[in-house]
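Trainee: Got a structure for you, written out below as structure tokens; questions coming shortly.
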Amino acid sequence: MENLGKINRPRLLVTLGDPAGIGSEVILKALADPEVSKNCSLTVVGSRELLLEAYQKLNLTKNSEPLANPADLSILDVEAESNIEDNIATAIGNKASGAASFAYMEKAIACTLTGEYDGIVTGPISKAAWKAAGYNYPGQTELLAEKSGAKRVGMLFVARSPHTDWTLRSLLATTHIPLCEVPRVLTPQLLTEKLELLVECLEKDFGLNKARIAIAGLNPHSGEQGQLGHEEQDWLIPWIEQQRQNHPNLQLHGPIPPDTMWVKPGQAWYGNAKIENPADAYLALYHDQGLIPVKLMAFDRAVNTSIGLPFIRTSPDHGTAFDIAGKGIADATSMKAAIQLAVELVNQRSNQQKSKL
């Protein structure tokens, strides 16, 4: 029975991210915790040499947290040309580090698409370093979608409160675009796509078949009946009403004024008030509208989850943090949460598939 359990454990790849950032550190710290890997099989994707180098340097700092020894890890070694690795320096994101992190991602995606692995946990990358290396992607999500052939993808941020055990889920309707472009890009068609993705994810990955979903307004006070913006009156309110008819099993609330939508989630997160029926998920219309409250509440434990892919992908909700790279002070909580959430999601999908047999 023990061997069968090991065989059935989720098989996950963990990419190093940008080797000049804190990816190696948070991975080594996360994998030093036996609780993180006890229910899954983990393989690190990246340069074995650079990971060992990071391990040796971190051991020279005053860092008191345990680090996993790379010699004890399963590593899918991605060797780069010498002129690339020779130009990688801790805390300096550049063309070389961008090329390396891109190669790690390509390798992880290719291996997962073969079915050898169940999902990917991605270390943080630098979009500027990718661009310097000649890769013009807004982020890892877009690369994942392109390589996997996914037509619809979304960025869902998930975090479990350490105070109340309540789970926060926030989906972004638009992602990495300038704020001035949001009203143009945001359309009923786009919102329909994102809502359907969210509903599918809540059902398939979280077992929520009659979800409560809160939808933000775009303008201050949700437009104040057209006094502070016209999008709500022109199409957002009619769209929500149409979706209520299309999804009678859902509870759709909105458009909720953006400045008050996050009051209940904050109370549910901190447990400083009795909250009845907080939403199962929150649909934010643009990047900062959704991520400022998420990072305020859950900066050290939120997980970015790509929905719509043929496999599970999670990532810690922080960047490369070049300013603290190599100092031994990076917090691995979000990386641990990303791995643990990936395990939960793989198991949830597996159990659903078994129930249909």
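The values are calculated or read from the model by the stated rules, or taken from the named source; none is laboratory data. Remember, it's a predicted structure, so these values are computed and weren't measured experimentally. Methodologically, a virtual Cβ is constructed for each residue, glycine included, from the backbone with ideal geometry; neighbour enumeration extends over all protein chains shown. Note: accessible area is taken over every heavy atom of the protein model, side chains too, but ligands, DNA and RNA are not part of it. Shrake-Rupley method; radii C 1.70, N 1.55, O 1.52, S 1.80 Å.
Trainee: Those residues that are assigned to a helix (DSSP H, G or I) and open to solvent by 60 Å² or more (accessible area, probe 1.4 Å), I need them from the stretch 266-288; list them, please.
Mentor: The answer is TYR270, ASP288.
Trainee: Before we move on, is ALA338 within 21 Å of the chain's Cα centre (by Cα), modelled with pLDDT under 95, open to solvent by less than 10 Å² (accessible area, probe 1.4 Å) and of a type outside the set (Ser, Thr, Tyr)?
Mentor: It is false that ALA338 is within 21 Å of the chain's Cα centre (by Cα), modelled with pLDDT under 95, open to solvent by less than 10 Å² (accessible area, probe 1.4 Å) and of a type outside the set (Ser, Thr, Tyr).
Trainee: Which fully enclosed helices (runs of 4 or more DSSP H) of the stretch 90-201 have 3 or more residues being of a type outside the set (Val, Ile, Thr)?
Mentor: Details: elements: 95-113, 127-132, 140-148, 182-185.
Counting at least 3 such residues, we get 95-113, 127-132, 140-148.
Trainee: Name the single residue that is farthest from GLY328 (Cα to Cα) among those in the stretch 1-33 being modelled with pLDDT under 95 and of a type outside the set (D, E, K, R). Let's see the steps before the verdict.
Mentor: Taking the stretch 1-33 first, the residues modelled with pLDDT under 95 are 1-9.
Next, only the ones that are of a type outside the set (D, E, K, R) stay: 1, 3-5, 7-8.
Numbers: MET1: 40, ASN3: 36, LEU4: 38, GLY5: 35, ILE7: 34, ASN8: 35 Å.
Filtering first and then ranking leaves MET1.
Trainee: Any chance you could count how many residues in the stretch 185-210 are farther than 21 Å from LEU309 by Cα and at pLDDT 95 or above?
Mentor: Residues flagged as farther than 21 Å from LEU309 by Cα and at pLDDT 95 or above within the stretch 185-210 amount to 4.
Trainee: Within the group GLY149, GLY154, GLY115, which residue is touching a strand residue (DSSP E or B) at 6+ places or on another chain (Cβ under 6 Å) and either closer than 28 Å to GLY266 by Cα or open to solvent by 20 Å² or more (accessible area, probe 1.4 Å) (or both)?
Mentor: Numbers: GLY149 fails: touching a strand residue (DSSP E or B) at 6+ places or on another chain (Cβ under 6 Å); GLY115 fails: touching a strand residue (DSSP E or B) at 6+ places or on another chain (Cβ under 6 Å).
So the residue among GLY149, GLY154, GLY115 that is touching a strand residue (DSSP E or B) at 6+ places or on another chain (Cβ under 6 Å) and either closer than 28 Å to GLY266 by Cα or open to solvent by 20 Å² or more (accessible area, probe 1.4 Å) (or both) is GLY154.
Trainee: On to the next question. I need the full set of residues from the stretch 317-326 which are surrounded by fewer than 23 Cβ atoms within 10 Å (Cβ to Cβ) and out of contact with any Leu (no Cβ under 9 Å at 6 or more places or on another chain), in order please.
Mentor: Listed by number, the residues that qualify are HIS318, GLY319, ALA321, PHE322, ASP323, ILE324.
Trainee: In the stretch 196-248, what count of residues is obtained for those that are on the phi > 0 side of the Ramachandran plot and either surrounded by 14 or more Cβ atoms within 10 Å (Cβ to Cβ) or among the basic types (Lys, Arg) (or both)?
Mentor: The qualifying residues number 5.
Trainee: With respect to GLN251, is the statement that it is free of Cβ contacts under 8 Å to residues at least 40 places away in the same chain and open to solvent by 50 Å² or more (accessible area, probe 1.4 Å) true?
Mentor: no
Trainee: While we're looking at this one, here's another question. Taking into account only those residues within the stretch 295-316 that are of a type in the set (D, E, K, R) and surrounded by fewer than 24 Cβ atoms within 10 Å (Cβ to Cβ), which is farthest from GLY154 (Cα to Cα)?
Mentor: ASP300
Trainee: Would you pick out the residues in the stretch 220-235 that are without any contact (Cβ under 8 Å) to a residue 24 or more places away in the chain and under 30 Å from the mean Cα position of the chain (by Cα)?
Mentor: GLU232
Trainee: Mind listing whichever residues of the stretch 169-184 are surrounded by fewer than 16 Cβ atoms within 10 Å (Cβ to Cβ), of a type in the set (A, V, I, L, M) and either within 20 Å of SER306 (Cα to Cα) or touching a helix residue (DSSP H, G or I) at 6+ places or on another chain (Cβ under 6 Å) (or both)?
Mentor: Matches in the stretch 169-184: ILE177 only.
Trainee: Can I ask one more? Residues that are aliphatic (A, V, I, L, M), modelled with pLDDT of 95 or more and open to solvent by 10 Å² or more (accessible area, probe 1.4 Å): does the stretch 39-46 have at least one?
Mentor: Quick first cut of the stretch 39-46, residues aliphatic (A, V, I, L, M) only: 42, 44-45.
Cutting the leftovers down to modelled with pLDDT of 95 or more gives us 42, 44-45.
Subset that is open to solvent by 10 Å² or more (accessible area, probe 1.4 Å): 42.
Yes.
Trainee: If you go through the stretch 118-146 one residue at a time, how many are under 11 Å from the mean Cα position of the chain (by Cα) and surrounded by fewer than 22 Cβ atoms within 10 Å (Cβ to Cβ)?
Mentor: So in the stretch 118-146, the residues under 11 Å from the mean Cα position of the chain (by Cα) come out as 120-124, 140-141.
Pick out the ones that are also surrounded by fewer than 22 Cβ atoms within 10 Å (Cβ to Cβ) and you get none.
Within the stretch 118-146, residues that are under 11 Å from the mean Cα position of the chain (by Cα) and surrounded by fewer than 22 Cβ atoms within 10 Å (Cβ to Cβ) number 0.
Trainee: If you take the residues in the stretch 59-89 that are in a helix (DSSP H, G or I) and at pLDDT 95 or above, which one is most open to solvent (accessible area, probe 1.4 Å)? Working first, answer last.
Mentor: Our first condition is that a residue be in a helix (DSSP H, G or I); within the stretch 59-89, this holds for 70-72, 82-85.
Restricting the remaining residues to those that are at pLDDT 95 or above gives 70-72.
On the way: PRO70: 7, ALA71: 84, ASP72: 126 Å².
Out of the qualifying residues, it is ASP72.
Trainee: Among all residue pairs at least 6 apart or on different chains, which show Cβ distances below 9 Å where the first residue, located in the stretch 94-108, is more than 13 Å from GLY46 (Cβ to Cβ) and the second is in a helix (DSSP H, G or I) and among the acidic types (Asp, Glu)?
Mentor: Every condition considered, the pairs that remain are ALA96/GLU85.
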